[in-house]
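These notes are about the structure you will find just below.
Nothing in this text is a laboratory measurement; each read-out follows from the coordinates by a stated rule. Computed from a prediction, not measured in an experiment: that's the story for all the values here. Positions of Cβ are generated from backbone atoms using ideal geometry, with glycine treated the same way; all protein chains shown enter the neighbour counts.
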Amino acid sequence: MSVQKKFVVIYTDKYLVDIGPHVFPTQKYVMIKNHLLEQGLITEKDIVEPVPATAEQLLLVHTSEYLDDLQNLRMTPRVIRSELPISREIVDAYILCAGGTIKAVEFACKHKGCGVHIGGGFHHAFPGHAEGFCYINDIAVAIRVAKKDGWCERVFVVDCDLHQGNGTAVIFQNDPSVFTFSIHQEHNYPIKEKSDFDIGLPDFADDELYLKELSRVVPPKLDEFKPDLILYVAGADPYKDDQLGGLRLSKDGLRRRDEMIINYSAEKQIPLAIVLAGGYAYDLYDTVDIQTTTCALAIKAFSH
Ligand SMILES: [Zn+2]
């Protein structure tokens with residue numbers, strides 16, 4: 001019997017941009033892709049290259065003034081809050097990355113499967129300004145495109161990055177068709193906005209508390225909301241050895257977190273798109289290991 005694959009992996013070497021000395025490890029993307037190939041979980045044929053989001057697609061979320069700053073590489077007050085340098089290569093990578101999340105969402109919706117984006121998750125970008133390493137909110141752009149093009153109607157964002165998905169929360173604040181959920185460290189960046197449901201965890205929260213809170217809220221809320229797309233923001237920064245994080249999850253805890261979301265989606269046959277978001281472990285290999293596991297669990301769950 002042949003194995004039916006209901007997943008796609010979105011990746012491009014163009015995500016490997018030079019952002020100078022910085023805590024954000026752009027080299028993680030190629031390492032994750034290579035691990036998946038080496039482990040025999042995917043072949044080159046499973047990998048799809050993203051195409052850049054169009055100006056029209058970006059404007060579904062972002063203001064024209066802000067996009068104009070980005071396109072002209074102007075370090076305005078709107079742009080400077082990214083805490084990143086700006087260059088043609090960097091702006092192009094973010095726009096391409098929004099295209100990658102669009103592709104992941106499109107595949108998931110059209111094939112009732114899973115789009116694994118080895119990239120994306122830039123949830124701190126607001127309509128009119130950058131924030132916290134995020135220029136373009138690829139999550140929001142992809143959701144708006146998907147709804148406009150009729151791929152899906154009701155979207156549930158499960159944001160498990162250590163930091164609150166503040167940009168995404170604001171963008172969908174008045175949109176009842178998109179449910180934003182965020183579980184994060186309360187006493188950390190950013191200034192909190194209001195998601196549809198927030199869990200702000202205390203410093204040093206461990207596997208037990210994290211998983212107890214996640215399981216208390218997410219499956220029942222998913223049952224109630226009945227999304228036709230789940231967008232999973234699978235940040236690796238709740239890991240105990242993260243440079244920017246103050247939670248204390250183990251790799252096993254993070255794996256169980258991933259399984260809760262991925263298995264829910266696979267069992268209920270709800271399209272799933274995954275983006276990687278943050279991850280700043282002191283040892284880069286830990287971030288790569290955690291996020292390779294996330295991708296691997298999804299690939300296995302959607303290969304029957
Ligand atoms: Zn983060």
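Annotations
- Scanning segment 255-287 for residues that are more than 15 Å from the chain's Cα centre (by Cα), part of a helix (DSSP H, G or I) and not small (Gly, Ala, Ser) turns up 255, 256, 259, 260, 263, 264, 267, 268, 284, 285, 286.
- Residue 119 in a loop (DSSP other than H, G, I, E, B) and of a type in the set (Gly, Ala, Ser): yes
- Meeting the requirement of 3 or more residues that are free of Cβ contacts under 8 Å to residues at least 40 places away in the same chain, the strands (runs of 3 or more DSSP E) wholly within segment 166-248 are 178-185, 197-201.
One line per residue, one yes/no per condition, for (1) touching a helix residue (DSSP H, G or I) at 6+ places or on another chain (Cβ under 7 Å); (2) over 24 Å from residue 272 (Cβ atoms):
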site	(1), (2)
21	no, yes
28	yes, no
64	no, yes
91	yes, yes
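- Helices (runs of 4 or more DSSP H) lying entirely in segment 22-105 (those with 1 or more residues that are of a type in the set (Phe, Trp, Tyr)): 28-38, 64-71
- In segment 4-18 there is at least one residue matching the filter, namely being surrounded by 12 or more Cβ atoms within 10 Å (Cβ to Cβ), in contact with a Ser or Thr (Cβ under 8 Å, 6 or more places away or on another chain) and aromatic (Phe, Trp, Tyr).
- Candidate set from segment 152-187 (those that are aliphatic (A, V, I, L, M) and over 25 Å from residue 106 (Cβ atoms)); member that is farthest from the chain's Cα centre (by Cα): 183
- Scope segment 252-291; condition more than 16 Å from the ligand (Cβ to nearest atom), of a type in the set (Ser, Thr, Tyr) and surrounded by fewer than 23 Cβ atoms within 10 Å (Cβ to Cβ); matching residues: 264, 285
- The set of residues from segment 4-21 being assigned to a helix (DSSP H, G or I) and in contact with a Phe, Trp or Tyr (Cβ under 7 Å, 6 or more places away or on another chain) comprises just one member, 15.
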